[in-house]
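Asks: Sharing a structure with you now.
The values are calculated or read from the model by the stated rules, or taken from the named source; none is laboratory data. Everything numeric in this text was worked out from a predicted model, so none of it was measured. Counting neighbours? That spans all protein chains shown, and the Cβs are built from the backbone with ideal geometry, glycine included.
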Amino acid sequence: MQVVHTIAELRQILAQFDAPAFVPTMGNLHDGHLALIRHAKPLGDVTVASIFVNRLQFLPHEDFDSYPRTLQADCAKLEAAGCNVVFAPSEKELYPEPQTFKVHAPAALGDMLEGHFRPGFFTGVSTVVMKLFQIVFSQAKGPRHAVFGQKDYQQLMVIRQLVRQFAMPITVHGVATERAADGLALSSRNGYLSETERAEAVQLSLALKGLIAAVLGGEHNLAALEQHAAQTLAARGWQPDYLTVRRRDDLQPPQGADFQPGQLVALGAARLGATRLIDNLEF
């Protein structure tokens, strides 16, 4: 496996291949990231992962400075998973001048849920993903594949719309969320949890399962269901941002005929202590 730190080095290596399969990450890797690598491997003739903590998608009060940088351990995991090339640029390499050109998600998608509670987040994500796509795929002659996790459900939807609206010849793959034995969605931020918080953290997915059970049981008063789910978590010491049921295709609230099998997703975000966790379950 080759580890490179400059765009020029990466392009020199990728010029030897036709069909890159790309997995962008912020590092501090866990089994969920490695599942993305395993999904990517058969898709192209070279598997590329990037490791870059992207300042543009962090709010001023968020954990950009403290976000774990674990490059050596990450590279060992990626090599064991079969990754071929790791692109680990410095901030100066990826943003040699202020990134004043930015990509904005449409308000109807980008300003709700995660975008509401983390304003500017999807602009930061869309901008860095667009830039990484230009770097990784610029010389590709064959199919181009990019692989993302479904745990970041809204982010995956934003990226798919980005690729479609800019007519980018890239197939975007979503890979199911990897979970711990108790059902907690794997996340780099789980490492922030204390032992007590880690035992409690599964309650987020259990709250989503409770929402799903109520809807499948015929209860369609979503405002009341969502309020009850948030209050239940809050009573356990959480600070919920949202627990909600939405349509899968556009993340809008479902209406009447939308309550059909395979149409809906439950999504949640809440803070446990100092750690903000997100999760979702399709149903």
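Asks: Testing R271 on (1) touching a strand residue (DSSP E or B) at 6+ places or on another chain (Cβ under 9 Å); (2) touching a residue at least 60 places away in the same chain (Cβ under 8 Å), one condition comes back false. Which one is that?
Replies: (2)
Asks: Next up: Looking for something acidic (D, E), over 27 Å from S66 (Cα atoms) and not in a helix (DSSP H, G or I) - is there at least one such residue anywhere in the range 253-264? Working first, answer last.
Replies: Narrowing the range 253-264 to residues acidic (D, E): 258.
Retained after the next criterion (residues that are over 27 Å from S66 (Cα atoms)): 258.
With not in a helix (DSSP H, G or I) added as a condition, the list becomes none.
Within the range 253-264, none of the residues are acidic (D, E), over 27 Å from S66 (Cα atoms) and not in a helix (DSSP H, G or I).
Asks: Might you let me know whether the range 57-71 holds any residue that is of a type in the set (A, V, I, L, M) and surrounded by fewer than 19 Cβ atoms within 10 Å (Cβ to Cβ)?
Replies: yes
Asks: Also, I was wondering about something else. Got a number for residues in the range 1-27 being touching a Gly at 6+ places or on another chain (Cβ under 7 Å), surrounded by 19 or more Cβ atoms within 10 Å (Cβ to Cβ) and either hydroxyl-bearing (S, T, Y) or not in a strand (DSSP E or B) (or both)?
Replies: Final tally of qualifying residues: 0.
Asks: So P253 ticks every box in (1) within 26 Å of the chain's Cα centre (by Cα); (2) loosely packed, with under 12 Cβ neighbours inside 10 Å but one. Which box is left unticked?
Replies: All conditions pass for P253, except number (2).
Asks: If the requirement is being more than 19 Å from F283 (Cα to Cα), in contact (Cβ under 8 Å) with a residue 12 or more places away in the chain and not assigned by TED's automatic domain parsing to the domain that holds H39, which of these qualifies: T232, T196?
Replies: Just a single option satisfies the conditions, and that option is T232.
Asks: For residues that are of a type in the set (S, T, N, Q) and within 11 Å of L162 (Cα to Cα), scanning just the range 125-145, find the one that is surrounded by the fewest Cβ atoms within 10 Å (Cβ to Cβ).
Replies: Looking at the filtered set, the residue picked out is T127.
Asks: Within the range 166-182, can you find the residues that are in a loop (DSSP other than H, G, I, E, B) and not polar (S, T, N, Q)?
Replies: F166, A167, M168, P169, I170, A176, E178, A180, A181, D182
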